[in-house]
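Enquirer: There's a structure below that I have some questions on.
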Amino acid sequence: MSNQLTEKIKQLKTEQNAVILAHNYQSGEVQDIADFTGDSLELSRIASRTNADVIVFCGVKFMAETAAILSPQKTVLLPDKHAGCPLADMITAEQLRELKHKHPDAIAVCYVNSSAEVKAESDYCCTSANAVEIVESLPQDREIIFVPDQHLGRFVAEKTGRELILWPGYCVTHVAITEDDISKARTAHPDAVVMAHPECSEPVKAISDQILSTGQMLKFAKQSQAKRFIVATESGIIHSLKKQNPGKEFFPASERAVCPNMKRITLEKVLWSLEDMHYKITVPEPVRTRAKTALDRMVAILPAK
Ligand code: 13P
């Protein structure tokens, strides 16, 4: 069945001149059908450069929106229209405007996990892969607003030594990983290296060995001499980690680290999206052009190696 589905998807993809992009948190079978897998920054770069007419974005809505902002002439499809991001929904454009009003001289940096409207209100966008570099590049004498993820924000503040004006947003899936989960995983696998995403809580990051975006985790695992890794982020990435490192072992820090929104995308829905050309993600032009300025600045800054 899965083979038949895969064949149909491939055929339609060619007919529609489509490209399938999948975030590292997608299920293994969705990652395997994709033309490109990656973290938020890598997928944004690919979306801005592809020659395809159609982009099927296997991820959550803000990721498809990012592709639509960068490539307005392309048709961007999200296979499940309810695949949202609770973190992105934790701040509205109105709330960001109020915050900017309180700090009129501040530079506003938004994490890519935000709506197009919030991006349009921001001076810079960033992902977890380049947030440190973006903040480091900003003038020392300016205040910086950082929204909406408080945990990534604290990580960036610590790394850069800059005081950031934070917003109390958080990722439900990452904060579900506890210190206790890390301690138990370390007891079970004492020689393993713990890799944690910066969206994890501060106590979890404090007892982890490496704080990395999903793309950085893939690079680190490949280059590291270690053979075993505890992974404190959404469990979908374990598929790529295992595939790229057959001689190494990967253990989820917590069985609860599953994002229900990412997992809404299935092979069937990818097929239906290509058959029916749904669900089209578009961004109103005045919002898009302003959001694009913040995104262009992000895409131009290199992520940490
Ligand atoms: P990455 O940028 O590391 O892929 O993270 C994306 C994300 O949504 C984390 O929750």
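Enquirer: Among I134, F36, Q95, pick out the residue whose Cα is farthest towards the positive end of the charge dipole of the chain, where Lys and Arg carry +1 and Asp and Glu carry -1 on C-beta, about the Cα centre.
Expert: It is F36.
Enquirer: Is any residue of region 67-83 close enough, with backbone N under 15 Å, to a label point placed 7 angstrom from the Cα of W272 along the Cα-Cβ axis, and if so, which?
Expert: Under 15 Å, as judged by backbone N against the label point of W272, lie 78-83 of region 67-83.
Enquirer: Something else about it: Using the heavy atoms of the protein chains and a 1.4 angstrom probe, tell me the accessible area per residue for the chain in square angstrom. Please report the intermediate quantities before stating the final value.
Expert: Values: 13170 Å² over 305 residues.
Result: 43 Å² per residue.
Enquirer: So what is the 222 nm mean residue ellipticity for the chain from helices alone, if each DSSP H run of at least 4 adds -39500 (n - 2.57) and you divide by all residues, rounding to the nearest 500 deg cm²/dmol?
Expert: For the chain, the value works out to -12500 deg cm²/dmol.
Enquirer: Provide the per-residue ³J(HN,Hα) series for region 47-57, in order, calculated from phi with Karplus coefficients 6.51, -1.76, 1.60 and θ = phi - 60°, each as a whole number of Hz, with x at glycine and proline positions.
Expert: Residue by residue, region 47-57 yields 4, 7, 10, 5, 9, 5, 8, 10, 10, 9, 9 Hz.
Enquirer: May I pose another question? What residues have an amide H closer than 5 Å to that of L87, excluding those fewer than 5 places away on the same chain, when H is modeled at 1.01 Å from N in the peptide plane?
Expert: V172
Enquirer: Would you mind computing, in nm to one decimal, how far apart the modelled labels at K81 and Q244 are, each placed 7 Å from Cα along Cα→Cβ?
Expert: Here the answer is 3.5 nm between the modelled labels.
Enquirer: May I pose another question? Which of rounded, prolate or oblate describes region 163-305 when judged by the alpha-carbon gyration tensor and an a/c cut-off of 1.5?
Expert: Prolate, because a/c is 1.5 or more and a/b exceeds b/c.
Enquirer: Testing the spin-label approximation: label points 7 Å from Cα along Cα→Cβ at V258 and Q73. State their distance in nm.
Expert: About 4.2 nm separates the two model spin labels.
Enquirer: Take the cross-link list K81/K263; K74/K292; K222/K269; K119/K219; K222/K242; K219/K243 and give me the ones stretching past 21 Å between alpha-carbons.
Expert: Where the Cα-Cα span goes over 21 Å, the pairs concerned are K222/K269; K119/K219.
Enquirer: Apply the Karplus curve 6.51 cos²θ - 1.76 cosθ + 1.60, θ = phi - 60°, to the phi angles in region 249-261 and return the couplings in whole Hz, x for Gly and Pro.
Expert: Each residue's phi maps through the Karplus curve to give 10, 10, 10, x, 5, 8, 6, 7, 7, 10, 8, x, 6 Hz.
Enquirer: For the chain, give the magnitude of the charge dipole about the Cα centre (Cβ charges: +1 Lys/Arg, -1 Asp/Glu; no others), in debye to the nearest 20.
Expert: Its charge dipole is roughly 580 debye.
Enquirer: Okay, moving on. Please give the per residue volume of the convex hull enclosing the alpha carbon atoms of the chain, rounded to a whole number of Å³.
Expert: Hull volume over Cα atoms, normalised by residue count, gives 123 Å³.
Enquirer: How large is ³J(HN,Hα) for each residue in region 113-122, as worked out from phi by the Karplus curve 6.51 cos²θ - 1.76 cosθ + 1.60 (θ = phi - 60°), to whole Hz, x for Gly and Pro?
Expert: 6, 7, 6, 4, 5, 5, 4, 5, 8, 9
Enquirer: A further question on this structure: Which FRET efficiency, nearest 0.05, do E15 and E179 yield, Cβ-Cβ r, R0 45 Å?
Expert: Details: r = 51 Å, r/R0 = 1.12.
Computed FRET efficiency for E15 and E179 comes out at 0.35.
Enquirer: Mind checking which of D276, D80, D53 has the largest fluctuation in a GNM of the chain, springs on alpha carbons under 10 Å?
Expert: D276
Enquirer: Another question, if that's okay. Would you please give the residues with an amide H less than 5 Å from that of E249, counting only those at least 5 places away or on a separate chain, with H modeled from the backbone geometry?
Expert: R228, F229
The values are calculated or read from the model by the stated rules, or taken from the named source; none is laboratory data. Bear in mind the structure is a predicted one, so any value in this text is a computation, not a measurement. Here Cβ is always computed from backbone atoms with ideal geometry, including for glycine, and neighbour counts include all displayed protein chains. Surface accessibility is based on the protein's heavy atoms, side chains included, excluding ligands, DNA and RNA. Shrake-Rupley method; radii C 1.70, N 1.55, O 1.52, S 1.80 Å.
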